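I have placed the structure first, in the form of C-alpha cells, so that the comments after it can refer back to it.
The values are calculated or read from the model by the stated rules, or taken from the named source; none is laboratory data. Predicted model only: the values in this text are computed from it and were never measured. Virtual Cβ from ideal backbone geometry, glycine too; neighbours counted across all protein chains shown. Each accessible area value is taken on the protein alone, full model and side chains, heavy atoms only, with ligands, DNA and RNA left out. Shrake-Rupley method; radii C 1.70, N 1.55, O 1.52, S 1.80 Å.
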Amino acid sequence: MKLFYRTLVIISAVIVTTFVVWNLTIRPPAVEAPPIPTQDAKPPVDDPNTPDIDESQTTPAVGQTLNRKDRYYTFLLAADDQVSGNADTIMIASYDVPNQKVSLVSIPRDTLVDRTHGKNHYYKINGAYAFGGIDELKEAVTEMLGIPIDFYVTVDLKAFVEVVDAVGGVDFYVPIDMNYDAPDQDLHIHYNQGQHTGLTGQQVLEIARCRKNSVWYDAVNYDVYDAYAGSGTNREETQRGLMVAIAKKLLSWGSLTKINSFVDILQRNVKTNLSGTDMAYFASQAVAFKMDTGMSTAIFPGAGDVTYKGNKWCWEYDREASLEIINTMLNPYTTDVTLDMTHMVQAN
C-alpha cells in the first residue's frame, strides 16, 4: 500500500512539474507596440465659422498612445495563384485569446488600391504579392485597414493538399454546380451543388479555386461564364467555409499532441513569421476553442464592377460598412479605428 501511495505521489509530481515547465516555456507571442502619431500639431482655432469636427472620425491626437487589447492577435493569410503569381486568396484573421473568439474576413482579390512598389504601379491588391511578396501585401493591407498585422501565413496551394489530407479529409456543402475544364492545365472541376463527405485535399483545392464554369461545343470551341453569378454567394465565402471546415476537423481531434503534429506540417509547408514557440502557444490555446460559438466570418462589402484609371472590375469598399467590420471583428486596439486611420481607395 505504501508503495502504491509513493507511486501516486511520484506520478503527481511529474504531472505538476510537466505542467509548470510547459507554462514556463509556452508564452504569449510579443507584438509590436502601437504607433504614436508624430505629425506637427496645430493649436485649435476658436472660429465660429469652422464646422464642428466629428471626433469619432479623427485619428488619435499627437502623443496619444494607442493601447492594444490583451492577447489579441491579427493574421494575414494568403495563397498564390499558380499561373499569374498574384495572390489568389487573401484573408485577415483575428484571435482574441482571453475570450476565445476568432474572426475570418475575406479581402477580395480585386480590392481597389493605388500603390507603387519600385517601378511597378498596381491598382488591385492581389498585385501586391506579385510585385513585392508578402511584405508588400502586408503593408498594403495595414495601410488600407488601419490596423497592424502581427503574423502572416502564405500557403503554396500544392501544400494545401497535404494539410487537408493530414486531417483526414473534410465534409462540405458545395454551394453551386461546378463544371470547369481546362485541358491545357489538365484541370477538371466537376461537383454538384450539395453536401459532400470525405473530400480529399485535391478536391478541396479544386472547389476553392473554381471561379468559372465552361461549356465545350467541340474539342476546340468553348465558352466560360461566372460560376457564382446569381447564386447569392461568392468564391470568397466558399473559401472561408472551407477554412472553417478544416479547422473544425482539426479541433475534433481533441488532442494537443495531434494538433502539434499539424503544427509540424505547417512549419514544413508554409512561409510564416510565426516561430515554433508561437505556433505551440496558439495550438495550446486552440484546444479550448469552440467553433460553434467562437467563430465569425465576413467579407469586406462593396461593389465589384468599378473602373479606376482604366482598370476594370475593381472591388471598391463601402467605407462605413467596412469600418464597422474592422472595429467589430479585427480591431486589436482598445479604442475604435477611425476612417482617417484607414485608406480605402474610392474611384470617385
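I'd like to check something: does the range 180-188 contain any residue that is surrounded by 19 or more Cβ atoms within 10 Å (Cβ to Cβ), free of Cβ contacts under 8 Å to residues at least 40 places away in the same chain and in contact with a helix residue (DSSP H, G or I) (Cβ under 9 Å, 6 or more places away or on another chain)?
Within the range 180-188, none of the residues are surrounded by 19 or more Cβ atoms within 10 Å (Cβ to Cβ), free of Cβ contacts under 8 Å to residues at least 40 places away in the same chain and in contact with a helix residue (DSSP H, G or I) (Cβ under 9 Å, 6 or more places away or on another chain).
Go through the range 303-321 and count every residue that is surrounded by 14 or more Cβ atoms within 10 Å (Cβ to Cβ), in contact with a Pro (Cβ under 8 Å, 6 or more places away or on another chain) and closer than 19 Å to VAL337 by Cα.
Total satisfying the criteria: 2.
Give the number of residues within the range 96-125 that are touching a helix residue (DSSP H, G or I) at 6+ places or on another chain (Cβ under 7 Å) and of a type in the set (Ser, Thr, Tyr).
Counting residues in the range 96-125 that are touching a helix residue (DSSP H, G or I) at 6+ places or on another chain (Cβ under 7 Å) and of a type in the set (Ser, Thr, Tyr) gives 3.
Which of the residues that make up the range 190-227 are surrounded by fewer than 17 Cβ atoms within 10 Å (Cβ to Cβ) and β-branched (Val, Ile, Thr)?
Residues satisfying the conditions are THR197, THR200, VAL215, VAL220, VAL224.
Being surrounded by 14 or more Cβ atoms within 10 Å (Cβ to Cβ) and without any contact (Cβ under 8 Å) to a residue 60 or more places away in the chain is the filter here; which residues of the range 283-301 pass it?
ALA283, ALA286, MET291, PRO301
Residues that are small (Gly, Ala, Ser) and closer than 30 Å to TYR123 by Cβ: does the range 274-286 have at least one?
Residues of the range 274-286 small (Gly, Ala, Ser): 275-276, 280, 283-284, 286.
Still in the running and closer than 30 Å to TYR123 by Cβ: none.
No, because not a single residue in the range 274-286 is small (Gly, Ala, Ser) and closer than 30 Å to TYR123 by Cβ.
Collect the residues in the range 265-302 that are under 27 Å from ASP336 (Cβ atoms) and β-branched (Val, Ile, Thr), keeping them in residue-number order.
Within the range 265-302, THR293, THR297, ILE299 meet the criteria.
Checking the structure you have, find out if any residue of the range 228-248 is touching a Cys at 6+ places or on another chain (Cβ under 8 Å), without any contact (Cβ under 8 Å) to a residue 60 or more places away in the chain, open to solvent by less than 70 Å² (accessible area, probe 1.4 Å) and assigned to a loop (DSSP other than H, G, I, E, B).
Looking for residues that are touching a Cys at 6+ places or on another chain (Cβ under 8 Å), without any contact (Cβ under 8 Å) to a residue 60 or more places away in the chain, open to solvent by less than 70 Å² (accessible area, probe 1.4 Å) and assigned to a loop (DSSP other than H, G, I, E, B), one finds none in the range 228-248, hence no.
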